[in-house]
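Student: To start, I am sharing the structure in question, which I have written as structure tokens.
None of the figures in this text is laboratory data; all of them are computed from the coordinates on show. All of these numbers come straight from a predicted model, not from anything done at the bench. Every residue, glycine as well, gets a Cβ built from its backbone with ideal geometry; the counts of neighbours run over all protein chains shown.
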């Protein structure tokens, strides 16, 4: 998988945080290759996002965090 600018920055941040022992949850499409717990509404990434996809993704993330906060 290739990353765009935002994804590249997030990937670097996640790698740096996990190397320092920080627990990271990634809310992303299911085809992300980062080695951290991943959660998301969509199984595969797509571009451009449709009119409501970002809202669905955020809603999923907030619901997951409300139901099971990170420890």
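Yes/no per residue for (1) within 23 Å of residue 66 (Cα to Cα); (2) exposed (fewer than 10 other Cβ atoms within 10 Å of the Cβ); (3) touching a helix residue (DSSP H, G or I) at 6+ places or on another chain (Cβ under 9 Å):
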residue: 7; (1), (2), (3): no, no, no
residue: 12; (1), (2), (3): no, no, no
residue: 21; (1), (2), (3): no, yes, no
residue: 24; (1), (2), (3): yes, no, yes
residue: 53; (1), (2), (3): yes, no, no
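Student: Could you list, in sequence order, all residues of segment 14-70 that are in contact (Cβ under 8 Å) with a residue 24 or more places away in the chain and in contact with a strand residue (DSSP E or B) (Cβ under 6 Å, 6 or more places away or on another chain)?
Tutor: Result: 27, 32, 39, 61, 64.
Student: Related question: Sort out which residues of segment 18-71 are assigned to a helix (DSSP H, G or I) and closer than 22 Å to residue 4 by Cβ, and write them in order of number. Explain how you work it out, then say what you get.
Tutor: Step one: filter segment 18-71 for residues assigned to a helix (DSSP H, G or I), giving 18-19, 53-67.
Matches in segment 18-71: 18, 53, 54, 55, 56, 57, 58, 60, 61.
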